[in-house]
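The structure appears below as structure tokens.
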Amino acid sequence: MSVAELVADLRATGPHLSVGILTADLLHLGDELALLERVGARIVHTDVGDGVFSPMFTVGPPFVKAQRTTLLKDAHLMIEDPVEKVQAFVDAGADMITFQVEGTRHPHRVLQVLGKATNANDPERGIVRGVALNPGTPAGALEPLLDDLEYVLVLAVNPGWSGQGFITAMEDKLAAVAELIARSGRPILLGADGGITRANLGHVATLGVDVIVTGSAIFDGRTPEENAALMLGEIRGRRQLAGSPGAREK
Ligand code: ZN
């Protein structure tokens, strides 16, 4: 499946959960990934923090490589100067690579590098190229980049720690980005990341998003399988309520 086919499929069948793996039981990474496969998740999300761009140090390419799974591996790079570093995530088998537009002076060059990269899992498929926006970055920052990306991720919290609250002003930004995407006429995935819990998931699913990132609401140290099944059930229910599969609210 090419990147274009994959993006079209994700848009038609979304919204999807991209499940943050860092709050899982990392000593049993294989079991935790198997749990996500079992409940029908499609995407696993790794928050990469370098201690500079993001105040948190988290994990790097070896951790992405250690994920042996049929899920799509989504690497969210909250790092400085990604242009020199993205290839290591490509080599580690990331299927989707999202960098922060604020982390580089040359976001377009990063997209060019990713556009030439070969997916380590499937040489026929490229990489889904994503750009993430911090809460303080206006939607217009994307405009010159829209011809060269497949995914826009709107952060609803500032990079750092899990468990922060969803900044409600980001609803307007999601609408503004959805508008830019619609105007571009290109098939681009829209995602929301940060502060998404069981309580607000249903609402976020109505905001025109294709990908919803959630982590600690699933891997809460208690009942991850139940949480994942409930949250996937909730967004499937919303999809049916919205009518045909993939119906998007604009
Ligand atoms: Zn993230």
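The values are calculated or read from the model by the stated rules, or taken from the named source; none is laboratory data. Nothing here was measured: the structure is a model prediction, and the numbers come from that model. All Cβ positions, even for glycine, are placed from backbone atoms using ideal geometry, and neighbour counts span all protein chains on display. Heavy atoms of the whole protein, side chains included, go into the accessibility calculation; ligands, DNA and RNA do not. Shrake-Rupley method; radii C 1.70, N 1.55, O 1.52, S 1.80 Å.
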Original post:
Based on what the data block shows, is residue 90 out of contact with any Leu (no Cβ under 6 Å at 6 or more places or on another chain) and open to solvent by 30 Å² or more (accessible area, probe 1.4 Å)?
Top reply: no
Original post:
What is the residue count in the stretch 38-64 for residues that are within 18 Å of residue 231 (Cβ to Cβ), outside any helix (DSSP H, G or I) and more than 13 Å from the ligand (Cβ to nearest atom)?
Top reply: 3
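Taking the stretch 17-37 as the search range and keeping residues that are surrounded by 21 or more Cβ atoms within 10 Å (Cβ to Cβ) and either part of a strand (DSSP E or B) or of a type in the set (Val, Ile, Thr) (or both), which one is farthest from the ligand (Cβ to nearest atom)?
So the first thing to find is which residues in the stretch 17-37 are surrounded by 21 or more Cβ atoms within 10 Å (Cβ to Cβ), and the list is 17-21, 24, 32-33, 36.
Now narrow it down to the ones that are either part of a strand (DSSP E or B) or of a type in the set (Val, Ile, Thr) (or both): 17-21.
Values: 17: 12, 18: 8, 19: 11, 20: 6, 21: 10 Å.
Among those that are surrounded by 21 or more Cβ atoms within 10 Å (Cβ to Cβ) and either part of a strand (DSSP E or B) or of a type in the set (Val, Ile, Thr) (or both), it is 17.
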**OP:** Answer with yes or no whether residue 100 is under 24 Å from residue 231 (Cβ atoms), among the polar types (S, T, N, Q) and within 17 Å of the chain's Cα centre (by Cα).
**Re:** no
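Would you confirm, using the coordinates I've provided, whether residue 74 is within 15 Å of the ligand (Cβ to nearest atom), out of contact with any helix residue (DSSP H, G or I) (no Cβ under 8 Å at 6 or more places or on another chain) and modelled with pLDDT of 95 or more?
Values: within 15 Å of the ligand (Cβ to nearest atom): yes; out of contact with any helix residue (DSSP H, G or I) (no Cβ under 8 Å at 6 or more places or on another chain): yes; modelled with pLDDT of 95 or more: yes.
Yes: the conditions hold for residue 74.
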Subject >> Within the stretch 95-112, tally of residues that are out of contact with any Phe, Trp or Tyr (no Cβ under 7 Å at 6 or more places or on another chain), within 13 Å of the ligand (Cβ to nearest atom) and in contact (Cβ under 8 Å) with a residue 40 or more places away in the chain >> reply: 0
Original post:
Residue check: is residue 40 open to solvent by 30 Å² or more (accessible area, probe 1.4 Å) and at positive phi?
Top reply: yes
Original post:
Considering the stretch 68-97 alone, what residues qualify as being under 16 Å from the mean Cα position of the chain (by Cα) and not in a strand (DSSP E or B)?
Top reply: 71, 79, 86, 89, 90, 93, 94, 95
Original post:
Any residue at all in the stretch 133-147 that is open to solvent by 10 Å² or more (accessible area, probe 1.4 Å), in a loop (DSSP other than H, G, I, E, B) and under 22 Å from residue 10 (Cβ atoms)?
Top reply: no
